[in-house]
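Okay, structure first, notes after.
The values are calculated or read from the model by the stated rules, or taken from the named source; none is laboratory data. Values in this document were obtained by computation on a predicted structure and should not be read as measured data. Don't worry about glycine lacking a Cβ; one is built from the backbone with ideal geometry, like all the others, and counts go over all protein chains shown. We work out accessible area using only protein heavy atoms, side chains counted, and drop any ligands, DNA or RNA first. Shrake-Rupley method; radii C 1.70, N 1.55, O 1.52, S 1.80 Å.
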Amino acid sequence: MKVIDHIKEANGNTLFSFEILPPLKGQNIQSIFDNIDPLMEFNPPFIDVTYHREEYVYKELKNGLLEKKVVRKRPGTVGICAAIQNKYDVDAIPHILCGGFSKEDTENFLIDLGFLGIDNVMALRGDAVKSEIYFSAEKEGHRYANELVGQISHMNQGVYLDEELQNSTPTDFCIGVAGYPEKHLEAPSMESDIHFLKKKIKEGATYVVTQMFFDNKKYFQFVSACREAGITVPIIPGLKPIATKKQLNLIPHRFSVGLPDELVMSVIKAKDNSAVRTIGIEWCIQQSRELIAAGVPILHYYSMGKSDNIKAIAQSVF
Ligand code: FAD
């Protein structure tokens, strides 16, 4: 079932959903199930599975030269989605990227998803590979997420890359895209970022999931600005509880989001990471309650491979 239909069916009640990462290469899928199991009692209508593109690593050879190797540390997005749908009978949403994909790769990826009975995709550009500063598209790939959304929408109309294909079956994907309450790192202004978000909707996206934020005001201002710009689709807030002191530096740097002083100072004063975890859960519960009171359609949690803190939050909130 499509995300937008889940929202319609909920009739104004806020739903609970979450995102997981595929395990590191070589790990068992059981580690994924162990994280999902404790969260199933909160009836998620869907579970997102992130996509991780290749990275370049340099291996030193015996002669001292460096060999560039391509590795994918977390493969398995599609397989995990299929396994989730089979085991839990809940919709799994694979993330799909521009980065590392040619248009042909994208088309074949989407054909696989269609055959697996997957109805939703989250369409993203992806970041630059770790060894590069700027994102660069594949030679025959997409430069921005709006182009990827456009290709998926074409397939939804039965238009494939090979124009000579006869009687091709239209796919039927509900397309989600990313939004940034504190603007995307590369965007010169919030206005331009919202302008390009609108482009993704125009190309066929029907809902937005936001980057994590720790101050609800940022989300409310973002939603107002989107509505003023004529974006009418649901904007689902993404939340992540802080769990370690290290994240105080890591989160702003990695995700380009701010942390409120009150939260930062509480974490700094916490005696250890167990105390930080409690602070993070409490903060996220307060955020969740305020967002529910404001009538958000879904609260989407970034689990990042750990479900115990998300469970503690969901128990208090749902
Ligand atoms: P875009 O929408 O293409 O925007 C990228 C930048 O370009 C923005 O600054 C935008 O303003 C600008 N822009 C957009 N269109 C145009 C245009 N036509 N012309 C000029 N400028 C333009 N990353 C992963 O690798 N795997 C994941 O699974 C993953 N999941 C995510 C889930 C969510 C909910 C979010 C919020 C992010 C996720 N990311 C993931 C990270 C994401 O890939 C990065 O934030 C990436 O840098 C931008 O992706 P985007 O789809 O927002 O890009």
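A few notes on this one:
- Of the residues 61, 115, 71, the one whose Cα sits farthest toward the positive end of the charge dipole of the stretch 1-141, with +1 on the Cβ of Lys and Arg and -1 on the Cβ of Asp and Glu, is 61.
- Lysine pairs in the stretch 39-176 with Cα atoms under 29 Å, if 8 or more residues apart or on separate chains: 20
- Taken about its Cα centre, the stretch 56-112 carries a charge dipole of roughly 500 debye when the Cβ of each Lys and Arg holds +1 and the Cβ of each Asp and Glu holds -1.
- The stretch 1-147 - Rg and Dmax from Cα coordinates, angstrom: 17.7, 66
- Amide hydrogen proximity for residue 54: with H placed 1.01 Å from N in the peptide plane, no residue at 5 or more positions away or on another chain lies under 5 Å.
- Using the Cα coordinates of the stretch 66-136, the gyration tensor eigenvalues translate into equivalent-ellipsoid semi-axes of 26, 14, 11 Å, sorted from longest to shortest.
- Summarising the amide proton neighbourhood of residue 15: residues at separation of 5 or more, or on other chains, whose placed amide H is nearer than 5 Å comprise 298, 299.
- Kirkwood-based Rg to Rh ratio, the stretch 3-317, C-alpha trace: 0.96
- The chymotrypsin sites (Phe, Trp or Tyr not before Pro) of the stretch 109-210 that meet both conditions, a loop assignment by DSSP and at most 16 other Cβ atoms within 10 Å of the site Cβ, are 134, 135, 144.
- In terms of accessible area, using a 1.4 Å probe and ignoring ligands and nucleic acids, 72, 53, 254 rank largest first as 254, 72, 53.
- The largest accessible area among 164, 282 belongs to the first residue in 164, 282, and the rest follow in falling order (1.4 Å probe, all chains).
- Rg over Rh, two decimals, the stretch 85-207 (C-alpha only, Kirkwood Rh): 0.99
- Sequence-distant lysines (8 or more away, or on other chains) whose Cα lies within less than 28 Å of residue 217: 8, 183, 198, 199, 200, 202, 240, 245, 246, 269, 306, 311
- Neighbourhood charge, 10 Å Cβ-Cβ cut-off, centred on residue 256 and excluding it, Lys, Arg +1 and Asp, Glu -1: 0
- Protection-proxy order for peptides 29-37, 245-253, each taking the mean of Cβ atoms within 10 Å per residue, highest first: 29-37, 245-253
- Counting only DSSP beta bridges whose two residues both lie in the chain, roughly 20 percent are antiparallel.
- In this Cβ point-charge picture (+1 for Lys and Arg, -1 for Asp and Glu), the chain has a dipole of about 1140 debye about its Cα centre.
- Size of the stretch 219-318 as Cα extents on the principal axes (Å, biggest first): 46, 29, 24
- Pairwise Cα distances in the stretch 32-95 exceed 19 Å for 48 percent of all pairs.
- Rounded to the nearest 10 Å², the accessible area of residue 240 at probe 1.4 Å: 10 Å²
- Using θ = phi - 60° and Karplus 6.51 cos²θ - 1.76 cosθ + 1.60, couplings along the stretch 55-70 (whole Hz; Gly, Pro as x): 10, 9, 10, 10, 10, 7, 8, 4, 7, x, 6, 9, 10, 7, 10, 9
- In a DSSP loop and with at most 15 other Cβ atoms within 10 Å, the GluC sites (Glu not before Pro) in the stretch 1-110 are 54.
- Accessible surface ranking that places the most exposed of 308, 127, 119 first, with a 1.4 angstrom probe: 127, 308, 119
- Qualifying GluC sites (Glu not before Pro) in the stretch 199-278, where qualification requires a DSSP coil assignment and no more than 10 other C-beta atoms within 10 Å, are lacking entirely.
- What the phi angles of the stretch 267-274 give under the Karplus curve with 6.51, -1.76 and 1.60, with θ = phi - 60°, is a coupling list of 5, 4, 7, 5, 7, 7, 5, 5 Hz, glycine and proline written as x.
- Among 70, 223, 296: highest mean-square fluctuation, GNM of the chain, C-alpha pairs under 10 Å: 70
- Rule-of-thumb Rg ratio for the stretch 181-222 [Cα; 2.2 N^0.38 Å; N residues]: 1.18
- Across the stretch 111-128, rounded Karplus estimates of 3J(HN,Hα) from the backbone phi angles (6.51 cos²θ - 1.76 cosθ + 1.60, θ = phi - 60°) give 4, 4, 4, x, 5, 7, x, 8, 9, 10, 9, 9, 9, 9, 6, x, 8, 5 Hz, Gly and Pro being marked x.
- Mean-position separation - Cα centroids, the stretch 207-281 and the stretch 282-318, in angstrom: 12 Å
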